[in-house]
Amino acid sequence: MASSTEPARGTAPRTGDPSSAGTLLTAADVGRVIDRMAHQLIERAATSDPGGGRGDGTAGLSDLVLVGIPTRGAPLARRIAARIEAFTGTPVDVGTADITLYRDDLRMRGVRALEPTVLPDAGIDGRLVVLVDDVLFSGRSVRAALDALRDLGRPRSVQLAVLVDRGHRELPIRADFVGKNVPTARSQQVRVHLSETDGVDEVLVTEGES
Amino acid sequence: MKRHLLEAADLDRADATLVLDTAAQIDQALAGREVKKLPTLRGRTVVNLFYEDSTRTRISFELAAKRLSADVINFSAKGSSVSKGESLKDTALTLEAMGSDAIVVRHSASGAPHRLANWVRGSVVNAGDGTHEHPTQALLDAYTIRQRLGRLEGVRVAVVGDVLHSRVARSNVWLLHTLGAEVTVVAPPTLLPVGIGSWPVEVSYDLDTVLPKSDVVMMLRVQAERMNASFFPSAREYSRRYGLDARRVAALADDAIVMHPGPMNRGMEIAAEVADSARSTIVEQVGNGVSVRMAVLYLLLGGSTQ
């Protein structure tokens, strides 16, 4: 099941030819990709448990916190958490961290409205935090999120999960969990739509500036 | 948003709501964390230009700017070249030449921030000008009402006391009207401004009839420093007719709140037991002031400059 959405070209997106415009992932694809990422996170949580893990796949889940980066990382994190709970029966803590106030490009655009920052009551200190975002592009959002996390607490470890990695990094950042690698041209737009925010699940590649 | 915040009328409903929502997000983001500092305004300079005494407003603006990592310069007229006769314009141009991005100004002359806004390139925030306006106080009051009651639309607010001299009352009336609240001003006729008929408010001279119909009672400070004529016979009589004591509070609805912008004259416009009661939001208002001023500074300075 999972292999059907794995890219055939390998993991480095920029080695391939740019995708042509159109629908990259349908609603069913998005569901499958989220399921696969949930399974990978269950495995990672089990093996990275400081207690060594009990081997049943749920040992480190109480240690795990999924922190979504608004706008679409937030519902994505909630969905992955819901799938993890469906697969294992163990609930997973979810939060959101708005990064607007930490961005390095604030002065380059008009002022932006803020999104919520909500962390689980147990906090993030000493835990395995997985940042969740929809598209990994320049890496600047992730850098801002790392800066925000630094002020929010001190996780044991921070990892990154993204639905789509489209390449063109401007910073030395890579994702630990990737739903789909997509080779793109810099001029293309990758749009992730989720039913919570956009009424439909899909990933589109469009040409040119938005 | 406009480049300056000079009066409550600078904010339309969408802008005012954006400020309140931004303040709420900032509050939520900073709640319970150890490092109460954001890097947002790193490298920007905010000048607090205070020609009039202030405790909470100046400290609140200073804290707000510092929490956003801006550099803050505090300027008070006392001990500066103002005492050598330097004008407001020359002082402002001097500060701007030193690289200020925003000037937060308090001045005893109504309209001083408007003049200032024509002279400088940066943003100007009115932190109280004479008897004219104090928009960030109105924003933090609206924020406090929304936080306590969950809404602003249709909320009945009584603004009680020295409306004539109160910039807080003026800003609140306009902002609360913009946000859909129903405002009644209650004061002796001598403490109502000429032209009150053109304000979007009801007017009453009798506090006792207004209290049972109010969700919010906002007491104003009797401004002894601006009382250059006899506006009422004696402090005792004022307090009897317009002071908020425990007996009057008993007439309020169960979830009604009592506000005061501070500083209070305990025993004059508000009884100590009322100021310290659970209905009182006076301490919350001060805390909310920092969040609201952070939101204002972020929205004015956080984006690109043209």
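Only Lys, Arg, Asp and Glu carry charge here, each on its Cβ (+1 for the first two, -1 for the last two); on that basis the protein assembly as shown has a dipole of about 1020 debye about its Cα centre.
Roughly what % of DSSP beta bridges within chain A run antiparallel, to the nearest 5? Counting DSSP beta bridges with both partners in chain A, the antiparallel share is about 30 percent. Select from B:Ser81, B:Gln285, B:Tyr298 the residue farthest towards the positive end of the dipole of the protein assembly as shown; place +1 on Cβ of Lys and Arg, -1 on Cβ of Asp and Glu, and compute about the Cα centre. Final value for the positive-end residue is B:Ser81.
Here's the picture: charge each Lys and Arg Cβ at +1 and each Asp and Glu Cβ at -1 in the range B:1-129, and of B:His4, B:Thr22, B:His107 the one pushed furthest to the positive end of that dipole is B:Thr22.
Compared with the dominant principal axis of the Cα atoms in chain B, helix B:88-97 is inclined by about 40°. Counting Cβ atoms of other protein chains within 10 Å of each residue's Cβ and taking the mean over peptide B:39-47 gives 2. Report summary: the helix-based calculation at 222 nm, which adds -39500 (n - 2.57) for every DSSP H run with n ≥ 4 and divides by the residues of the protein assembly as shown, gives -10000 deg cm²/dmol. Each residue, B:Ser81 and B:Thr209, gets one label point 7 Å from its Cα in the Cβ direction; the gap between the two is 5.7 nm. Candidate cross-link partners of B:Lys36 among the lysines, defined by an alpha-carbon separation under 22 Å and a same-chain spacing of 8 or more, comprise B:Lys66. Here the contact order of chain B, divided by its residue count and restricted to Cα pairs under 8 Å and six or more residues apart, works out to 20 percent.
Peptide B:29-38 is shielded by partner chain Cβ atoms: per residue, an average of 5 of them sit within 10 Å of its Cβ. Compared with the dominant Cα axis of chain B, that is its longest principal axis, helix B:167-178 is turned about 90°. Peptide A:140-152 shows a mean partner chain C-beta count of 2 within 10 Å per residue C-beta. Here the residues B:Trp119, B:Trp199, B:Trp174, ranked from fewest to most Cβ neighbours within 10 Å of their Cβ, fall in the order B:Trp119, B:Trp199, B:Trp174. With contacts taken as Cα pairs under 8 Å at a separation of at least 6 residues, chain A carries a relative contact order of 25 percent. Taking the Cβ of B:Thr22 as the center, what net charge do the other residues with Cβ under 12 Å away carry, scoring Lys and Arg +1 and Asp and Glu -1? That sum, taken over residues with Cβ under 12 Å, equals -3.
Only Lys, Arg, Asp and Glu carry charge here, each on its Cβ (+1 for the first two, -1 for the last two); on that basis the range B:135-282 has a dipole of about 180 debye about its Cα centre.
Distance between Cα centroids, the range B:270-296 to the range A:177-205: provide it in whole Å. Here the two parts' Cα centres lie 46 Å apart. Projecting the Cα atoms of A:Thr26, A:His168, B:Val249 onto the charge dipole of the protein assembly as shown (Cβ charges, centred on the Cα centre) puts A:His168 farthest toward the positive pole. Counting charges near B:Lys2 (Lys, Arg +1; Asp, Glu -1) among other residues having Cβ under 13 Å from its Cβ returns a value of -3.
Seen from all directions on average, the protein assembly as shown presents a Cα convex hull projection of 28.5 nm². For the protein assembly as shown, the share of DSSP beta bridges that are antiparallel, to the nearest 5, is 15%. Between helix B:56-67 and chain B there is an angle of about 40 degrees, using the helix long axis and the longest principal axis of the Cα atoms. Bridges between two residues of chain B, per DSSP, are antiparallel at a rate of about 5%. For a paramagnetic label modelled on B:Asp53 (point 7 Å from Cα along Cα→Cβ), amide N atoms under 20 Å away belong, within the range B:112-132, to B:127-132.
Bear in mind that the values in this text are calculations on the coordinates, not laboratory data. Bear in mind the structure is a predicted one, so any value in this text is a computation, not a measurement. So basically every Cβ, Gly included, is an ideal-geometry build from the backbone, and we count neighbours across all protein chains shown.
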